[in-house]
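Have a look at the structure below before the remarks.
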Amino acid sequence: MDISSRAVLLVAVAAAATIGLAGASFRDNCDIKWNAENAAFSDDGHGLTMSLKSNTSGCLLQTKKQFIYGSVSTRIKLVPGNSAGTVTTYYTSSVGKDHDEIDFEFLGNETGKPYTLHTNVFADGVGKKEMQFVPWFDPTTDFHTYTISWTPCMIVWYVDDVPIRVFRNYRDKGIAYPIKRPMFGYSSIWSAEDWCTQGGRVKADWSKAPFVASYRDMVLDVCPCDGSDSCVYGCEGAFGHGGQQQNCAGLSDQQRTKMLEKQKYNRIYDYCVDYKDNKKPGPECSLPQY
């Protein structure tokens with residue numbers, strides 16, 4: 001591809017990224033891939049509930065289109081009351097071998113005890129990069145916005161526009177980072193009572209079923225991509241060189257201050273510090289992340 005062709009491609013993809021799937025409705029732009037009977041859309045399609053009725057049921061939503069880079073965001077009100085044994089998720093993932101994935105998982109708890117907000121990233125099939133937080137609000141009484149921002153330079157997890165974590169691209173140092181596999185956006189609710197609440201000690205109380213998570217106002221501001229070399233290159237250019245999305249400059253001073261505050265007071269697990277499962281901290285743990 002010559003220079004002029006590349007320039008045209010970048011302009012075209014930048015326009016697509018700007019339009020993307022912004023303001024998409026759940027009903028029009030997503031499919032229910034598992035137990036459609038447990039999903040219910042609002043009349044305008046911009047609201048959704050997903051229910052968990054037994055330890056073998058649940059629900060899974062997937063966007064119709066794949067994308068490389070961009071921002072995926074939705075507002076969620078988690079299962080109220082006794083949510084022990086339940087997991088509500090919001091994440092992006094590729095399909096196939098050596099998959100990439102960026103996670104928000106919300107681990108339920110007994111009545112009166114806080115949820116655990118679990119984050120992770122997989123690249124080239126390798127995860128084990130968990131950070132966990134206790135929310136600084138009650139996530140069951142109102143809707144809160146959860147956003148995954150994925151660019152060629154870094155991944156940022158936001159809660160109500162506050163960054164809580166950054167994972168930077170250090171592929172040049174041999175550290176895996178998702179750069180070439182298109183992802184779908186997903187939401188789900190399912191049973192994980194064998195591990196998710198206090199290490200599996202507390203099980204789900206199925207007499208309280210169905211457990212219902214509510215969603216509103218999905219926004220996908222992304223670069224649609226089928227995985228071809230041309231769109232992978234184009235999306236990288238559109239999102240990595242100062243387009244309308246967050247670029248490689250990193251967080252602002254104000255964002256960094258807010259993130260460090262949440263990490264100091266609300267983070268309860270950091271794989272870079274509590275690395276028993278990984279035997280030793282990953283090499284990225286010694287590198288700047290924001």
Open item on the list: So residue 138 passes all but one of these: (1) open to solvent by 30 Å² or more (accessible area, probe 1.4 Å); (2) touching a strand residue (DSSP E or B) at 6+ places or on another chain (Cβ under 6 Å). Which condition number does it fail?
Closed with: (2)
Task: Residue satisfying condition, being touching a Leu at 6+ places or on another chain (Cβ under 7 Å), in a loop (DSSP other than H, G, I, E, B), over 15 Å from residue 216 (Cα atoms) and open to solvent by 40 Å² or more (accessible area, probe 1.4 Å), within set 97, 113, 65 - done: 65
Open item on the list: So, in region 262-274, exactly how many residues are without any contact (Cβ under 8 Å) to a residue 60 or more places away in the chain and not acidic (Asp, Glu)?
Closed with: 3
Task: Yes/no for residue 259 being hydrophobic (A, V, I, L, M, F, W, C), closer than 30 Å to residue 54 by Cβ and touching a residue at least 12 places away in the same chain (Cβ under 8 Å) - done: no
- [ ] Provide a single number: the residues in region 159-193 that are surrounded by fewer than 20 Cβ atoms within 10 Å (Cβ to Cβ) and either under 16 Å from residue 67 (Cβ atoms) or without any contact (Cβ under 8 Å) to a residue 40 or more places away in the chain (or both).
- [x] 7
- [ ] Go through (1) of a type in the set (Gly, Ala, Ser); (2) within 18 Å of residue 65 (Cα to Cα); (3) buried (at least 24 other Cβ atoms within 10 Å of the Cβ) one by one and return the number of the condition residue 213 breaks.
- [x] (2)
- [ ] Select from region 68-94 the residues that are part of a loop (DSSP other than H, G, I, E, B) and either of a type outside the set (Gly, Ala, Ser) or farther than 24 Å from residue 116 by Cβ (or both) and list them in ascending order.
- [x] 78, 79, 80, 82, 94
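A quick yes/no check of all residues on (1) of a type in the set (Ser, Thr, Tyr); (2) farther than 23 Å from residue 109 by Cα; (3) modelled with pLDDT of 95 or more; (4) within 18 Å of the chain's Cα centre (by Cα):
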{"position": "11", "(1), (2), (3), (4)": "no, yes, no, no"}
{"position": "24", "(1), (2), (3), (4)": "no, yes, no, yes"}
{"position": "31", "(1), (2), (3), (4)": "no, yes, yes, yes"}
{"position": "51", "(1), (2), (3), (4)": "yes, no, yes, no"}
{"position": "59", "(1), (2), (3), (4)": "no, no, yes, yes"}
{"position": "76", "(1), (2), (3), (4)": "no, no, yes, yes"}
{"position": "80", "(1), (2), (3), (4)": "no, no, yes, no"}
Open item on the list: Here is a list: 229, 217, 205. Which entry is of a type outside the set (Val, Ile, Thr), closer than 22 Å to residue 38 by Cβ and more than 23 Å from the chain's Cα centre (by Cα)?
Closed with: 205
- [ ] Give me the pairs, please: first residue somewhere in region 84-99 and basic (Lys, Arg), second residue anywhere and surrounded by fewer than 20 Cβ atoms within 10 Å (Cβ to Cβ), beta-carbon distance under 9 Å, and either six or more positions apart or on two chains.
- [x] 97/125
- [ ] Give just the number: which of (1) within 20 Å of residue 147 (Cβ to Cβ); (2) of a type outside the set (A, V, I, L, M); (3) at pLDDT below 95 does residue 98 not satisfy?
- [x] (1)
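The values are calculated or read from the model by the stated rules, or taken from the named source; none is laboratory data. Small disclaimer: the values here were computed from a predicted structure and weren't measured. Note that we place each Cβ from the backbone using ideal geometry, even for glycine, and neighbour counts take in every protein chain shown. Areas reflect the complete protein model, heavy atoms only, side chains present, ligands, DNA and RNA absent. Shrake-Rupley method; radii C 1.70, N 1.55, O 1.52, S 1.80 Å.
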